[in-house]
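A.B. asks: Below: one structure in structure tokens.
Taken together, the values in this text are just the output of simple stated rules run on the coordinates, not laboratory data. No experiment lies behind these values; they were computed from the predicted model shown. Glycine gets a Cβ as well: all are built from the backbone with ideal geometry, and neighbour counts include every protein chain shown.
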Amino acid sequence: MIYKSIYAEATTSGKNRRSIIIYGANDAGLITKRAVDRDAGTKYEVVAFLDENKNNWGKRLEGVTIYPPGKLKRLLEENNVAHLVLSTSDLSYERKNEITDVCLTYNTKVLNVPPINHWINGELSFKQIKKVKIEDLLERDPIVLDKDKIESQLKNKTVLITGAAGSIGSEIVRQIIPYHPEKLVLVDQAESAIYDLQLELNEMDGQLSIPCKVYLADICNQTRMEAIFKDTRPQIVFHAAAYKHVPVMEENPVEAINVNVVGTRILADLSIKYEVDTFVMISTDKAINPTGVMGASKRIAEIYVQSLHNKGTTKFITTRFGNVLGSNGSVIPRFRQQIEKGGPVTITHSEITRFFMTIPESCQLVLEAGAIGKGGEVFIFDMGKSVKVLDLAKKMIQLSGLTLDKDIKIVFTGLRPGEKLYEELLHNSENTLPTHHPLIMIAKVREYDFNTISAYIDDLSLLAATKDDMNIVRKMKQIVPEYISNNSVFAELDKK
């Protein structure tokens, strides 16, 4: 026992332990300190608290002094600080970014305390405190929703979601559940993904008392989709199914037309036929001044959906937003994989910028837009500031504890076919109208005659059957005059 006591004293001496600073001298901060002391006391020592509350400055919490946030740099200079732990959940994303930038300068890792509902058996352990991810730094302050209006739209309704197993579709499913729909109808052609979603919903047990019907189906199959509509009689449709990867669609215009255009028309027409209350289409910022097949195909789908306004009792609503953080195939998971493999991190262009929004944020605004829409609107979301992708990659490398050009390199590969350097949310000739929600605006877009756009899509459908890519794209440019190809074989069609 004497030997063990001496050994324990030696291993817990200040010489062998690195410092931790906890941001937030509240109950969560105290619980965090105790978790560190209990689980990692031989490796780390809490040397300071930082707190926004002036009344706490200079006081001590379990023997540890509470400092104002302005003392962070001095504390990092004077101590060998391994981690700064964010114990408070109400920090603005600007403040979180400021803190992270300072800490990265001193090679101090920033950690996040998970929400209390994620604690194991209601108790926080040090192992549950994870590194801050880039998504945490790009998210914005919580979105305030009109929950009563959303619930009045969804409660006791049968809701059909296409692309239900995708990043956006699956999050829409999760966010709809608390509003107590009568039944969920989930449609996707990806077998493994829809199976995983079905398992997730089954594991909710008592939380999910809502009947849920899963259909493995292709939205381009009109017979199959009509059978689903006839069987389930949906009242609300969220159409998230689409092909979205710009370079892939540039090489496969036939599939862009079949899925993004014809598939959308099938669903929209069925919505009228089966008297769906509201049809919400998920679109993209790439539909504005499109430079590639994917963006142009989504713009044509927007035009068709909008042309159906007043053709029946269904309200047709389009929502348009930019890149979604962490979605399948998006830049952040790609960078993360490259960093884990030791690099290089590949970026198409040093000046390329993108708008980003988290998956939950985008889906919340989709529900809000669906609830407030009266039919015929194209809603655009405030995506915040455009982010330079190079800066994003650099910060991700730093957050991983690596050094740029020493541990990992960045390589520029050149813009891909159909890719834009800068994204935009509005056509140059468009203006916006405000809504009651500060992050949602209505785009004033050119309206198309239903018979005209329907005839155009008939032509596109026939051309898709011929697999004549050049003539398909020629027709797309006729429908969407602002479609100018970039870095693509189809650019020759723009020559006069």
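A.B. asks: Using only alpha-carbon positions, what ratio does the radius of gyration of the chain give when scaled by 2.2 N^0.38 Å?
C.D. replies: Ratio of Cα Rg to 2.2 N^0.38 Å: 1.12.
A.B. asks: Could you give me the ³J(HN,Hα) list for the stretch 383-396, computed from phi with Karplus coefficients 6.51, -1.76, 1.60 and θ = phi - 60°, whole Hz, x at Gly and Pro?
C.D. replies: Coupling constants for the stretch 383-396: 8, x, 7, 5, 10, 6, 5, 4, 5, 4, 5, 4, 5, 5 Hz.
A.B. asks: Still on this structure: For the stretch 222-352, what is the charge dipole size about the Cα centre, in debye to the nearest 20, if Lys and Arg each add +1 at the Cβ and Asp and Glu each add -1 at the Cβ?
C.D. replies: Computed charge dipole of the stretch 222-352: roughly 160 debye.
A.B. asks: Also, quick follow-up: With N set to the residue count of the stretch 2-132, report its C-alpha Rg divided by 2.2 N^0.38 Å to two decimal places.
C.D. replies: Compared with the compact-globule rule of thumb, the stretch 2-132 sits at 1.05.
A.B. asks: Now for a separate question. Could you check the simple spin-label distance between L462 and T313, using points 7 Å along Cα→Cβ, in nm with one decimal?
C.D. replies: 3.6 nm
A.B. asks: Would you mind checking the tilt of helix 331-340 against the longest principal axis of the Cα atoms of the chain, expressed as 0 to 90 degrees and rounded to 10?
C.D. replies: 40 degrees
A.B. asks: Next question, about the same structure. Please list, ordered by chain and number, the residues whose modelled amide H lies under 5 Å from the amide H of I347; skip anything fewer than 5 residues away on the same chain.
C.D. replies: Result for I347 returns V411, F412, T413.
A.B. asks: Output ³J(HN,Hα) for the stretch 44-60: one whole-Hz value per residue in order, computed from phi by the Karplus curve 6.51 cos²θ - 1.76 cosθ + 1.60 with θ = phi - 60°, and x for Gly and Pro.
C.D. replies: In residue order, the calculated couplings are 10, 9, 6, 9, 6, 10, 10, 8, 6, 6, 4, 5, 8, 4, x, 7, 10 Hz.
A.B. asks: Working out 0.36 nm times the residue gap between I31 and Q222, then minus their Cα-Cα distance, what length gain in nm do you get to one decimal?
C.D. replies: Numbers: separation 191, 0.36 × 191 = 68.76 nm, distance 5.67 nm.
Stretched out fully, the I31 to Q222 stretch lengthens by 63.1 nm.
A.B. asks: Run the helix sum for the chain: -39,500 (n - 2.57) per DSSP H stretch of 4+ residues, divided by residue count, reported at 222 nm to the nearest 500 deg cm²/dmol. The partial results should precede the final answer.
C.D. replies: On the way: 17 runs with 184 residues, N = 496.
That comes out to -11000 deg cm²/dmol.
A.B. asks: Let me ask something additional. Suppose every K and R has +1 on its Cβ and every D and E has -1 on its Cβ; what is the size of the dipole of the stretch 2-132 about the Cα centre, in Debye to the nearest 20?
C.D. replies: Here the size comes out at about 320 debye.
A.B. asks: If you don't mind, there's one more thing I want to ask. Each residue of the stretch 481-491 in turn: what ³J(HN,Hα) in whole Hz from Karplus with 6.51, -1.76, 1.60 and θ = phi - 60°, glycine and Pro shown as x?
C.D. replies: Each residue of the stretch 481-491 in turn: x, 7, 6, 10, 5, 10, 6, 9, 5, 7, 5 Hz.
A.B. asks: What's the FRET efficiency of Y93 with A491 using the Cβ-Cβ distance as r and R₀ = 51 Å, to the nearest 0.05? Before the final figure, lay out each step's value.
C.D. replies: Details: r = 39 Å, r/R0 = 0.76.
Between Y93 and A491 the formula returns 0.85.
A.B. asks: Amide H neighbours of V46 under 5 Å, counting only residues 5+ apart in sequence or on other chains, H built in-plane at 1.01 Å?
C.D. replies: The answer is I20.
A.B. asks: Between Y3 and S192, what is the spin-label point distance in nm, taking each point 7 Å from the Cα along the Cα→C-beta axis?
C.D. replies: 5.3 nm
A.B. asks: With everything on Cα atoms, drop me the angle between helix 93-105 and the longest principal axis of the chain, reported from 0 to 90° to the nearest 10.
C.D. replies: Roughly 50 degrees, rounded to the nearest 10.
A.B. asks: Can you list the residues of the stretch 52-96 with backbone N under 18 Å from a point 7 Å past the Cα of N107, pointing along Cα to Cβ?
C.D. replies: What the label zone holds, given the 18 Å backbone N cut-off, is 73-84.
A.B. asks: Another question, then. Given a cut-off of 28 Å, name the pairs among K374/K477; K109/K385; K96/K155; K147/K286 whose C-alpha atoms lie farther apart than that in the structure shown.
C.D. replies: Too far apart for the 28 Å limit: K374/K477; K96/K155; K147/K286.
A.B. asks: Measure off 7 Å from each Cα along the Cα-to-Cβ vector at R74 and K230, then give the distance between these two points in nanometres to one decimal.
C.D. replies: Here the modelled spin labels are 7.7 nm apart.
A.B. asks: Continuing with the same structure: Hey, can you rank 381-388, 404-411, 250-257 by average C-beta count inside 10 Å, highest first?
C.D. replies: Packing proxy ranking, top to bottom: 250-257, 381-388, 404-411.
A.B. asks: Now for a different question. Let me know the charge dipole size of the chain about its Cα centre in debye, to the nearest 20, where only the beta-carbon of Lys, Arg (+1) and Asp, Glu (-1) is charged.
C.D. replies: It comes to approximately 1140 debye.
A.B. asks: Per-residue counts of other Cβ atoms within 10 Å, averaged by peptide: what ranking do you get for 440-449, 162-171, 57-66, highest first?
C.D. replies: Those peptides, ordered most packed to least, come out 162-171, 440-449, 57-66.
A.B. asks: Would you mind putting 348-356, 44-52 in packing order, based on average other-beta-carbon counts within 10 Å, highest first? Each step should come with its number before you reach the end.
C.D. replies: Values: 348-356: 17.4, 44-52: 21.4.
Per-residue Cβ counts within 10 Å, averaged per peptide and sorted highest first, yield 44-52, 348-356.
A.B. asks: Using modelled backbone amide H atoms (1.01 Å from N, in-plane), which distant-in-sequence or interchain residues come within less than 5 Å of S283's amide H?
C.D. replies: Residues meeting the criterion, in which the H sits 1.01 Å from N, are T319, R320, F321.
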